[in-house]
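Novice: I'd like to ask you about the structure that follows.
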Amino acid sequence: MKFINFQPNQPQSFTFPSCGAYKLPEGKGALIPLEDGQTLFLGQMLADSLALLKLQAGEEFVICLYMDRGKPHWECWLASATEKARAAAELAQMDLEAKLSASIKLVQGRKERSSGEASVPGYLAPTGTEGPSALPLPSPKRAALAVASAGGKRRREGKIPYNVAFREIVTLVAGELAQAGEQWSDQARQDAVSTLFIAAGKAGWLEVWEREEEAA
C-alpha cells in the first residue's frame with residue numbers, strides 16, 4: 001500500500017472515490033483509496049473535517065499541511081471546480097422548485113367562470129437568459145375572454161378535458177406574453193405550456209379529452 005506524502009505548505013488536490021473513506025477503528029482516522037492505486041491516510045481531526053464537506057464520488061477536494069512555528073496544521077477544502085458545480089446544481093434546483101410552485105398555484109387558483117369573469121394569477125416562466133420572471137396579472141375580463149375563445153363554450157363545474165385545457169393554456173400563455181410585450185423563443189413558450197399542463201395533471205384538474213359527440 002503506497003501512501004501519499006505531503007510537503008509543507010503545498011496543497012494537493014484529489015478526487016473522492018466512489019467507495020468513499022474507510023474509517024479506522026478506535027478513532028485512528030481514515031483511509032481513502034485513490035484511483036491511481038495510492039492511498040490517502042487522514043488523522044482523526046482531518047478525517048472529521050473532510051466528512052463535513054459531504055463529498056460525493058467524482059468531486060475534487062484539496063488537502064494542505066501547514067507549518068505554524070514548527071507545528072503541523074492540516075486543512076481541507078472543496079476545489080474550485082467542485083464549488084462551482086455545486087453552486088450551479090443548487091441554482092438549477094431552486095429555479096425548478098420556483099417554476100413548479102408557481103405553476104401549481106396557478107392551477108389550484110383556477111375558478112369556474114360562472115359569473116362571466118375570471119381571476120388568473122400571474123406565474124413564473126423561463127426567459128432563457130435571466131431565470132424566471134413574473135408576468136403581470138391579467139385582468140378578469142381579458143382572462144375570461146381568452147378562456148371562452150379557447151374552450152369554445154363555458155364548462156360545467158368539474159374536471160377539464162385534456163384538449164380544452166391545452167387550448168386554454170396555450171391561449172393564456174400567448175395572450176399574457178403579448179400583453180406584457182415579451183417576445184419569447186418558441187422553446188420558451190413550449191416550456192411554459194408544458195409546465196402548466198403537467199402541473200394541471202398532477203393537481204387532478206384534467207380528465208379524458210372531449211370527443212365531438214360529447215361536445216355537441
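Novice: Here are some conditions: (1) closer than 21 Å to Ile104 by Cβ; (2) more than 19 Å from the chain's Cα centre (by Cα); (3) at pLDDT 50 or above; (4) surrounded by 14 or more Cβ atoms within 10 Å (Cβ to Cβ). Glu182 meets all but one. Which one does it not meet?
Specialist: Status for Glu182: all satisfied but (1).
Novice: Ok, one more. Six or more apart or on different chains, Cβ atoms under 6 Å: show the pairs whose first residue is in the stretch 23-48 and of a type in the set (S, T, N, Q) and whose second is outside any loop (DSSP other than H, G, I, E, B) and surrounded by 14 or more Cβ atoms within 10 Å (Cβ to Cβ).
Specialist: Pairs that qualify, where the first residue is of a type in the set (S, T, N, Q) and the partner is outside any loop (DSSP other than H, G, I, E, B) and surrounded by 14 or more Cβ atoms within 10 Å (Cβ to Cβ), are Thr39/Leu31; Thr39/Pro33.
The values are calculated or read from the model by the stated rules, or taken from the named source; none is laboratory data. As the structure is a prediction and not an experimental result, all values here were calculated from the model. Methodologically, a virtual Cβ is constructed for each residue, glycine included, from the backbone with ideal geometry; neighbour enumeration extends over all protein chains shown.
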